[in-house]
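Just below is one structure, and these are the notes that go with it.
Computed from the coordinates by the stated procedures, all read-outs in this text should not be read as laboratory data. Here the structure is a predicted model, which is why all the values come from computation and not from measurement. Cβ coordinates were reconstructed from backbone atoms using ideal geometry, including for glycine residues, and neighbour counts include every protein chain displayed.
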C-alpha cells in the first residue's frame, strides 16, 4: 500500500495545527487592548469624515473622546442626537447642544453689488482675491465663484442664479468646511433654532457701502436702538450690528422690528419672513437664505 | 568678433514689443499736484508714518520710518501739506496705508550736492546711506537693498551681477537708463562692489540692447574687475536665478538664495539709485517708468515722482487711445492688472502698460492635454501642469513636494500653454493655501 498520500496529509495537517497554535498564542500575547467604546462610538457617528470636530476623521474623533481629548458633544454634524448617544456610551451627560447651520452673510448679488472689474481667471474665490482683492465692487462681499460650494462635503450648497451661494438647510450639517474655505468669511455658522442673521460683513462707512452695494449695512444703528429690540439683543460692534443669540427668547418676535425697520434690508431671515406678520411686509423679495 | 551669448535652459520668446519706446529719451513728468505715497513699497514690514494730517513736508523729508531690519524708510516726493494718512488702493492689490500730499508753493527739489568725501566712506557708512535713502530693488520685487548687501558672515560672496537684461516685453526703462545714465550706473556698481568686496563684477545685458552694450563696453574697457556679458534674448533672462546660471553656470539650490552660491544680483536701476544715495544723499523719490502699449497715444520713458497717480502719467502721454482695455502695472508677463488708474507709482514700478482688447482678452481655459510644453519652458525645471492640477484638486502637500515653492511665477508656462490654462494662478493659489494665507479680509 502506498502511504505517500497519508504522509502528505499528516505533514500538511501537522503544519496547520502548528501554525494555528502559533497564531492562537500570538493573538493572546500580542493583543492590543482596544477600548470597546471606540467601536461603539464610531458606530453612532455620521461617518462622513468631514473633520469639523478637529480630528482627522470619525475614527480619530471616537478615539479622542475615549481618551478625553474631545467633548462628547464635539461632533457638530451629528448634533444633539449623536451627542446624546456618545454621552450614553461614555456614561456622562451630553449637555445642551444646538446644531449649527451655515448661512451666507452677504446679500450683494450681481444686481445689488456689481463688479468693479472684469475677472478672467480660475473660478476660485481664494485665487480671485489674490488679484487686486477680487473684482467684486464691495471688498467685503461674496465673490461668487463658489469655493464654498466645492468645499461642502455634503452637497448642501449650490450657486444661486444671481451669483450668491445658497445653503440647502435640510442637507447642511454645520460642519464648517465652507466657513474655512471662504476667503472673506462670508459663510458663518449660526444656531439652527435661530431665524435672523445679519447678511452683511462690510466694515466700511455708510457712504462707501452705499457707493458699491444697495443692500449693504450702512451701520445706522437703528436695529440696535432700545425701541427696536429689547434687552440689548442687538448691539453695534464696530460698523456692523451683532445679534446676541444667547439673549434671544423668541427667534422671530424678538427681532422682527429690527428686520422690518432696517433701511437697507441687510438682515437675512432663514426660511423667510413668517406670514402671520401683521404689518405690511417691507422685506418683499426673498430675503431668506 | 564672435562673442558667446549666455543663457539658461528653458524660457520663452514672447514678442518683444519694445519698438514703441526703446529709442525715446527719458522725459520728466511735470510736477504733479498730488502724490499718494504708500508706506509699503517693498518686501517686508511696512514703514510707520511719522507725519499727520496738516503737516507741511519738504521734498525728501522722511515720512515713514523703518522699525524693523527688513523694511525701508519712505520719503516725501513732493513739498506741501499732508492731506490725509489713510489706506488707499495700491498697485499690488490690497489697500495700503498711504500718505497723501498736496503740492503747495513751498515745493522745491532741494539741490542735492555731491559729497566730496564719498570715496573715503567706510562700508558701514555707505550701507547706512543706502538704508536711509530707502533704496529697494528697482526691478520690480522691491527687496530692501541694504538687507541684500548684508549677507551673513558665513556666506562668501565672490561675484556681483548687475542685471541689465530687462527681459519683460514692452519695458524699456532700464534700457534707456543704461544709455543715458551709464556713468551713474557704473558709479553705483563700483560702490556695490566695494561694499561686498567682490573679485568680479559682471554686467549682463540682453543682445537686443546693442547700443547699451556698446556704451558699457566702451566705459569698462581696460577694467579687469568689471566684465560685460551678452545675454541671449529670452524670457525670463533677467530672473535672478536664471541670470546667475547664465553668467556663472552656478545653480541656486531649491529654497536657497543667490548668496548660497556666492552671488548677489542687483538691477541697473538699483545701482543708479545707490549711486545717488551714497554720493548725493538723495532719497529714492523718483524713478523712470515706461508708459507703453497699444492703448497709449504717446508712449514714452518718463521720470516721475514716487506716488504720482498713474492717471496723471497716462494723461501726460496723450491719454488713452481707442483700443485701451486693460491697465497693467509692470510688464505683461509678471505685471498685475489694475481696476483703477488712481493707484500710484511705487519704487518697484518699472512700467505702465495699457493693452488693447485683442491682447488682453483670454480665451476660456480648457483641460490640460499633457503636451508638456510648460515642462519644456519652465526655467526652474518644474512640471507646472502637474503642480497646477494637484492644486486644482486640493492636493497641496503633493504640490509642495513637486516644487510649488520653487516657482517664481514668471508666467512662461501660462504663456506657452495651448489649452490656455491659468497655470501660474493655480500655483499662486497653492502657495497661498499652503501658507494659510487665503483669508484676506481687508
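Within 10 Å of each residue's Cβ, count the other Cβ atoms and sort B:168, B:312 from fewest upward.
B:312, B:168
Extent of the range B:373-436 along its three principal axes (Cα atoms, max minus min coordinate, largest first): 29, 20, 15 Å. Compared with the dominant Cα axis of chain A, that is its longest principal axis, helix A:4-29 is turned about 50°. Scattering from the C-alpha atoms of the range B:1-116 alone, worked out with Debye: what is log10 I(q)/I(0) at q = 0.14, 0.18, 0.20 1/Å? For the range B:1-116 at q = 0.14, 0.18, 0.20 Å⁻¹, log10 I(q)/I(0) is -0.77, -0.97, -1.08.
Determine the relative contact order of the range B:104-262: mean sequence separation of Cα pairs under 8 Å and six or more apart, normalised by residue count, in whole percent. It would help to have the intermediate numbers written out before the result.
Values: 177 pairs, mean separation 35.0, N = 159.
Taking the mean separation of contacting Cα pairs over the length of the range B:104-262, I get 22 percent.
Run the numbers on the range B:372-436 and let me know its relative contact order in percent, using alpha-carbon pairs under 8 Å that are six or more apart.
Over the range B:372-436, the number comes to 38 percent.
Which shape class, rounded, prolate or oblate, goes with the range A:1-123 when its Cα gyration tensor gives a ≥ b ≥ c as root eigenvalues, a/c under 1.5 marks rounded, and past that a/b bigger than b/c marks prolate? Because a/c hits 1.5 or more and a/b fails to exceed b/c, the range A:1-123 counts as oblate.
By other beta-carbon atoms within 10 Å, ranking B:235, B:339 with the fewest at the front produces B:339, B:235.
Here the range A:100-190 is described by how far its Cα atoms reach on the three principal axes: 35, 23, 19 Å, from widest to narrowest. With no solvent and one point on each alpha carbon, what is the Debye value of log10 I(q)/I(0) for the range B:120-280 at q = 0.14, 0.18 Å⁻¹? Those come out to -0.64, -1.11, one per q. In the protein assembly as shown, the calculated helix contribution to ellipticity at 222 nm averages -7500 deg cm²/dmol per residue, counting -39,500 (n - 2.57) for every DSSP H run with n ≥ 4.
A simple spin-label model places pseudo-atoms 7 Å from Cα toward Cβ; at residue A:26 and residue A:110 they are separated by 6.4 nm. For B:264, B:185, the sequence from fewest to most other C-beta atoms within 10 Å is B:264, B:185.
Here the range B:311-343 and the range B:15-73 have alpha carbon centers that stand 18 Å from each other. To the nearest ten degrees, helix A:79-90 and the longest principal axis of the Cα atoms of chain A are 30 degrees apart.
Taking the Kirkwood radius as Rh and the Cα radius of gyration as Rg, chain A has a ratio of Rg/Rh equal to 1.23. An oblate overall shape is assigned to the range A:194-289, the ratio a/c of its alpha-carbon gyration tensor axes (a ≥ b ≥ c) being 1.5 or greater and a/b not exceeding b/c.
How big is the antiparallel share of DSSP beta bridges in the range B:120-280, given as a percent to the nearest 5? Of those bridges, close to 5 percent are antiparallel. Where both bridge residues fall in the protein assembly as shown, DSSP classifies roughly 70% of the beta bridges as antiparallel. Contact order for chain B, expressed relative to its length and based on alpha carbon pairs under 8 Å spaced 6+ residues apart, stands at 19 percent. For the range B:175-244, the convex hull drawn through the C-alpha positions has a volume of 89 cubic angstrom per residue. Tell me whether the range A:36-90 comes out rounded, prolate or oblate; compute the Cα gyration tensor, take square roots of the eigenvalues as a ≥ b ≥ c, and use a/c under 1.5 as the rounded threshold. Because its axes are fairly even, with a/c under 1.5, the range A:36-90 counts as rounded. State the Cα centre-to-centre distance between the range A:66-140 and the range A:1-30 in whole Å. Comparing the Cα centres of the range A:66-140 and the range A:1-30, I get a distance of 59 Å.
The mean number of partner chain beta-carbon atoms within 10 angstrom of a residue's beta-carbon across peptide A:130-138 is 5.
Mean partner shielding of peptide A:116-129, defined as the number of other chain Cβ atoms within 10 Å of each residue Cβ, is 6. Note on the protein assembly as shown: Cα Rg divided by 2.2 N^0.38 Å, N the number of residues, gives 1.19.
Enter the mean projected area of the convex hull around the alpha-carbon atoms of chain B, in nm², rounded to one decimal. Mean shadow area of the hull around the Cα atoms is 21.4 nm².
Between the range B:413-442 and the range B:148-183, the C-alpha centres lie 28 angstrom from each other. Taking Cα atoms only, the orientation of helix A:58-67 departs from the longest principal axis of chain A by about 80 degrees.
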